[in-house]
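Peer 1: Dumping the structure here so I can ask a few things about it.
The values are calculated or read from the model by the stated rules, or taken from the named source; none is laboratory data. No experiment lies behind these values; they were computed from the predicted model shown. Note that each Cβ is placed from the backbone with ideal geometry, even for glycine, and that neighbours are counted across all protein chains shown. Side chains are part of the model used for accessible areas, which takes the heavy atoms of the whole protein and leaves out ligands, DNA and RNA. Shrake-Rupley method; radii C 1.70, N 1.55, O 1.52, S 1.80 Å.
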Amino acid sequence: MPIHTPALVAETVGAPFTTRLVERRDLRDDDVAIEIAYAGICHSDIHQVREEWGTAIFPMVPGHEIAGVVSAVGAGVTDLQVGDRVGVGCMVDSCGECEFCKDGFEQHCSRGAVMTYNGRGYDDQPTLGGYSRTLVVSQRFACPIPDGIGLDEAAPLLCAGITSYSPLRRWGVGPGSKVAVVGMGGLGHMGVKLAVAMGAEVTVLSRTDAKAADSLALGAVEHLATGDPQALRPRRGHFDLVLNTVSADLDLEAYLALVKPRGVVANVGLPTEPYRVRPGRLIGTSKVIAGSNIGGIAETREMLAFCAEHGIGAQVETITAEQVDEAYEKVVRGDVRYRYVIDVSTIEA
Ligand code: NAP
Ligand code: ZN
């Protein structure tokens, strides 16, 4: 019998959420059912509900920062058991056979990774995400959450955490690295925590000084307000890596100027308009503009272990199902400290 579970549903583009039952598939051999506890609100949820990235699949149940407890296992499940605490991020399937899957980059699967929502499974069924009480997913995409990390502060690690962790690792951040994080939101505050734990000297570049005390409390050495271009001048050519998490249009050249020769601007923020960069600003000092898409499953597990070792979780504000529409408006204004997580037990249908 398929499972029917209460969920928050956007029936059409930009519609407010309604609550109703949705269906989860029967457990396949390698599936687990997860009783979800918390689902984070990622800015990507908002981009997709509002079709800011192009046509989306409706009805939509967003949510790809999922933390909960295994409540049932399929006949062939060997890695997990009922009662295990697990998280699920942005992907729920991939081919597992292509060179990218084999190298641990399921997000770049040649067949196309199946996204947790606003996607279609290999069975052609639309996927529905974590703003719900129960999820059914292959054990390969359920990552154990180490003891010591609460499920509320763990949920955002499955997207905001891994999306910040992966480029920091790829570009070799370690003791003594000079890192700037642009945008102190969900991804940004995780970027600060993770880079600090890796031993970097971290600067936060935020629109105003409003979050300055928080930046320093998270371990940053300085917080600069980008609204005042003069404030950035002394930091030209200063950083090894600028991690750009901003969800809106940005003057990328201004940030490129802040990295050393051969330095890197790694973009994870996903606004819709193109960046404008004159080639000379890149070539003259042999700089790199990079992108980074979440992280693979092995790296997600590595990130969770790193967070447990360093006592890192997301800084969360817990909300109920009724508060989600309002929370979306606040996230768009950059008015969240620093991740909303939905207590999904409040979703009732
Ligand atoms: P968020 O919590 O809304 O944070 C974005 C931050 O950008 C805000 O807190 C704000 O920080 C800053 N910002 C600068 N200019 C802004 C403006 N005009 N309006 C609003 N905020 C502005 O979002 P998030 O969940 O961290 O996601 C950030 C971006 O990354 C989104 O575009 C999301 O889709 C994308 N994303 C990408 C991946 C990936 O795999 N690459 C994964 C997840 C999310 P200050 O107040 O400090 O200025
Ligand atoms: Zn996300």
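Peer 1: Could you provide, to the nearest whole Å², the per residue accessible area of region 66-218 with probe 1.4 Å?
Peer 2: Per-residue value: 37 Å².
Peer 1: Using θ = phi - 60° and the Karplus curve 6.51 cos²θ - 1.76 cosθ + 1.60, what whole-Hz ³J(HN,Hα) does each residue of region 337-342 get, with Gly and Pro shown as x?
Peer 2: Calculated HN-Hα couplings, in order: 10, 10, 8, 7, 10, 8 Hz.
Peer 1: When the Kirkwood radius is taken over all Cα pairs of region 89-181, what Stokes-Einstein diffusion coefficient follows at 20 °C and 1.002 mPa s, in µm²/s?
Peer 2: Values: Rh = 15.1 Å.
Calculated translational D: 141 µm²/s.
Peer 1: Averaged over every viewing direction, what's the projected area of the C-alpha convex hull for the chain? Give it in nm², one decimal, please. Each step should come with its number before you reach the end.
Peer 2: On the way: hull surface 67.1 nm².
Projected area, direction-averaged: 16.8 nm².
Peer 1: Fully extended, how many nm does the chain gain between Arg28 and Ile283 (0.36 nm per residue separation, minus their Cα-Cα distance)?
Peer 2: Gain in length upon complete extension: 86.6 nm.
Peer 1: When DSSP assigns beta bridges and you keep just the ones with both residues in the chain, what percent turn out antiparallel, to the nearest 5?
Peer 2: Values: 33 of 59 bridges.
DSSP beta bridges in the chain are roughly 55 percent antiparallel.
Peer 1: Could you report region 220-299's accessible area per residue, 1.4 Å probe, as an integer in Å²?
Peer 2: Spelled out: the 1.4 Å probe surface of region 220-299, per residue, equals 49 Å².
Peer 1: Oh, and also: List, in the order given, every pair from Lys193/Lys287; Lys102/Lys260; Lys178/Lys211 whose Cα-Cα distance in the structure shown is over 28 Å.
Peer 2: Listed pairs above 28 Å: Lys102/Lys260.
Peer 1: What nm value, rounded to one decimal, do you get for the distance between Ser345 and Arg262 when each label is placed 7 Å out toward the C-beta?
Peer 2: The two pseudo-label positions are separated by 5.4 nm.
Peer 1: Among Cys307, Cys101, Cys90, determine the one that fluctuates most according to a GNM of the chain built with springs between C-alpha atoms less than 10 Å apart.
Peer 2: In this elastic network of the chain, the residue with the biggest mean-square fluctuation among Cys307, Cys101, Cys90 is Cys101.
Peer 1: 7 Å from Cα along Cα→Cβ at both His108 and Ala75: what's the point-to-point distance in nm?
Peer 2: 3.8 nm
Peer 1: Can you compute the FRET efficiency between His310 and Val221 using 1/(1 + (r/R0)^6), with r the Cβ-Cβ distance and R0 = 22 Å? Round to the nearest 0.05.
Peer 2: 0.80
Peer 1: Report the residues of region 25-60 in range of a label on Gln125: point 7 Å along Cα→C-beta, backbone N strictly under 15 Å from it.
Peer 2: 25-34
Peer 1: Another question about this same structure. Kindly sort Asp93, Asp29, Asp335 by accessible area of their heavy atoms, largest first, with the probe set to 1.4 Å.
Peer 2: Highest to lowest solvent-accessible surface, that is Asp29, Asp335, Asp93.
Peer 1: Note down the magnitude of the dipole of region 15-69 about its Cα centre, charges +1 on Lys and Arg C-beta and -1 on Asp and Glu C-beta and zero elsewhere, to the nearest 20 debye.
Peer 2: Once rounded to the nearest 20, the dipole reads 220 debye.
Peer 1: Measure off 7 Å from each Cα along the Cα-to-Cβ vector at Val13 and Arg276, then give the distance between these two points in nanometres to one decimal.
Peer 2: Here the answer is 2.6 nm between the modelled labels.
Peer 1: Amide H to amide H, which residues 5 or more places from Val73 or on other chains are under 5 Å from it, using H placed in the peptide plane?
Peer 2: Those qualifying (amide H under 5 Å, at least 5 residues apart or on another chain) are Ala33.
Peer 1: For Tyr340, list long-range residues whose amide hydrogen, built 1.01 Å from N in the peptide plane, is under 5 Å from its own amide hydrogen.
Peer 2: Ile41, Glu317
Peer 1: Follow-up question, since we're still on this one. Mean residue ellipticity at 222 nm from the helices of the chain, using -39,500 (n - 2.57) per DSSP H segment of n ≥ 4 over the full residue count, to the nearest 500 deg cm²/dmol?
Peer 2: -6000 deg cm²/dmol
Peer 1: What residues have an amide H closer than 5 Å to that of Val86, excluding those fewer than 5 places away on the same chain, when H is modeled at 1.01 Å from N in the peptide plane?
Peer 2: Residues meeting the amide H criterion: Gly68, Val69, Val70, Ile145.
Peer 1: Ignoring ligands, DNA and RNA, what percent of the accessible area of region 136-199 is carbon or sulfur (1.4 Å)?
Peer 2: The C+S portion of the solvent-accessible surface of region 136-199 is 49 percent.
Peer 1: In percent, how large is the relative contact order of region 232-271, given Cα pairs closer than 8 Å and 6 or more residues apart?
Peer 2: 53 percent
Peer 1: Mind checking the dipole of the chain: about its Cα centre, +1 per Lys or Arg Cβ, -1 per Asp or Glu Cβ, Debye to the nearest 20?
Peer 2: On the way: 31 positive and 44 negative charges, 309 e Å.
It comes to approximately 1480 debye.
Peer 1: Okay, next question. Pick out the long, greasy-scoring helices in the chain: whole DSSP H runs spanning 18 Å or more along their own axis by Cα, mean Kyte-Doolittle at least 1.0.
Peer 2: None clear 18 Å together with a mean of 1.0.
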